[in-house]
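Trainee: I am attaching a structure below and will ask some questions about it afterwards.
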Amino acid sequence: MLDQLFALFLVVLFPLYNWNEARKVRRDIAGGLDPAKIDTAGDYRKGIAILWAIGIAGVALWLFQSRSWDALGMGAGTDSALRWAGGIAVAVAGLVLTHLQAAQLGRSEDARKQLLDQLGDLLFFLPKTKREFYLFKWLSLAAGVCEEILYRGFLIWFIASYLGILPAILLSSLAFGVAHSYQGFSNAVQTAIIGLWMAILFWLTGSVWIPMVTHFLVDVIGGRMIYGVLSQDTRGPGGEQVAAPGEA
């Protein structure tokens, strides 16, 4: 029963919490709140604490039921050198593509404008100052470690115990996208695709270690790319000009 309740939390309650928190910020902005007054750094600190709390709770639940680290993906992983090589190759290939995308953004004004349009009202959830980007990296670390334990280690194991590994990979990736649905439909789809990438790495290596590192690096590369754009841009969520936030 504890496993079912925890899975329900990850698949339903946690996404609802995230969506409600984002809804409140969007409501405040629509009501006239100065976007520069949004405490993005405070939101990052809160997010870091929440992710570590849920991650630790998941590990505690696992150990409480006397399960092995290997079953959670926190052991040595597969004995197959070929599968490890495949996992590392898939991780590196994806990271190279992510880096190239970020580099292309830095060279193209049109690409930067397209990114800003795509971000829309997410602009004020993202790092715009050195201080915010510093905290964003710690948030990325928390997400890389905790979300991989939760959505790859625990949730794949849980779903696979009922439906098998392939449905577990697909459904856990969908759940990962749903957990980020507060970012909007297109970003949730992209997150689900990233979740599928991490799930494949998990399946290939039999552990969460490569997915953890890859997830962290993807978030940092993406955050650095967005920070580079937003620190130069002062548009509000509706495209209007607002005062640029100060560096801290």
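Laboratory data are not the source of any read-out in this text; all were calculated from the coordinates shown. Since we're looking at a predicted model, the values are computed, not measured. Counting neighbours? That spans all protein chains shown, and the Cβs are built from the backbone with ideal geometry, glycine included.
Trainee: Assign unit charges at the C-beta atoms only (+1 for Lys and Arg, -1 for Asp and Glu), then state the dipole size of the range 30-70 relative to its Cα centre in Debye, rounded to the nearest 20.
Mentor: Dipole of the range 30-70, to the nearest 20 debye: 100 debye.
Trainee: Mind checking the dipole of the chain: about its Cα centre, +1 per Lys or Arg Cβ, -1 per Asp or Glu Cβ, Debye to the nearest 20?
Mentor: Roughly 160 debye for the chain.
Trainee: For the range 191-197, just list the computed ³J(HN,Hα) in residue order, Karplus coefficients 6.51, -1.76 and 1.60, θ = phi - 60°, integers in Hz, with x standing in for Gly and Pro.
Mentor: 5, 4, 5, 4, x, 5, 4
Trainee: Sticking with this one: Beyond 17 Å, what share of the Cα-Cα pairs of the range 94-217 is found? Please give it as a whole percent.
Mentor: 63
Trainee: Per the helix-only calculation at 222 nm, which mean residue ellipticity applies to the chain, given -39500 (n - 2.57) for every DSSP H run of n ≥ 4 and division by its residues, nearest 500 deg cm²/dmol?
Mentor: Computed mean residue ellipticity for the chain: -22500 deg cm²/dmol.
Trainee: From the square roots a ≥ b ≥ c of the eigenvalues of the alpha-carbon gyration tensor of the range 61-118, which class results: rounded (a/c under 1.5), prolate (a/b over b/c), or oblate?
Mentor: Working: a/c = 7.01, a/b = 2.12, b/c = 3.30.
Taking the square roots of the gyration eigenvalues as a ≥ b ≥ c, the range 61-118 is oblate.
Trainee: About its Cα centre, what dipole magnitude does the range 1-90 give when the only charges are +1 on Lys and Arg Cβ and -1 on Asp and Glu Cβ, stated in debye to the nearest 20?
Mentor: Approximately 240 debye in magnitude.
Trainee: Then there's this: Would you please put 170-178, 188-196 in order of how densely packed they are, using the mean number of other Cβ atoms within 10 angstrom per residue and starting with the highest?
Mentor: By packing density, highest mean first, the sequence is 170-178, 188-196.
Trainee: Something else: Please sort 220-227, 17-24, 1-8, 139-146 by packing, taking for each peptide the average over its residues of neighbouring beta carbons within 10 angstrom, highest first. Each step should come with its number before you reach the end.
Mentor: Details: 220-227: 18.2, 17-24: 14.1, 1-8: 12.4, 139-146: 20.8.
Answer by packing, highest mean first, reads 139-146, 220-227, 17-24, 1-8.
Trainee: For the range 117-165, what's the radius of gyration and Dmax over Cα atoms, in angstrom?
Mentor: When restricted to Cα atoms, the range 117-165 yields Rg and Dmax of 16.1, 46 Å.
Trainee: Could you tell me the convex hull volume per residue, in Å³, taken over the Cα atoms of the chain?
Mentor: With only Cα atoms used, the chain gives 117 Å³ per residue.
Trainee: Using only alpha carbon pairs under 8 Å that are at least six residues apart, calculate the relative contact order of the chain and give it in whole percent.
Mentor: Computed over the chain, the figure is 33 percent.
Trainee: For a Förster distance of 30 Å, can you work out the FRET efficiency between the beta-carbons of H99 and R131, rounded to the nearest 0.05?
Mentor: Efficiency computed from Cβ-Cβ geometry: 0.75.
Trainee: Taking Rh as the Kirkwood radius computed over C-alpha pairs, what is the Stokes-Einstein D of the range 1-58 at 4 °C in a medium of viscosity 1.567 mPa s, expressed in µm² per second?
Mentor: 99
Trainee: Follow-up. In the range 16-70, if the dipole is taken from +1 on Lys/Arg beta carbons and -1 on Asp/Glu beta carbons about the Cα centre, which of G42, N18, L63 is farthest to the positive end?
Mentor: Ranked along the dipole, the leading option is N18.
Trainee: Right, something else. Just to check I understand the Karplus step: with θ = phi - 60° and J = 6.51 cos²θ - 1.76 cosθ + 1.60, what whole-Hz values come out for the range 147-162, glycine and proline as x?
Mentor: The phi angles translate into 5, 5, 4, 6, 8, 9, x, 6, 5, 4, 4, 5, 5, 4, 5, 9 Hz.
Trainee: Which lysines have a Cα lying under 17 Å from the Cα of K113, excluding residues fewer than 8 positions away in the same chain?
Mentor: K128
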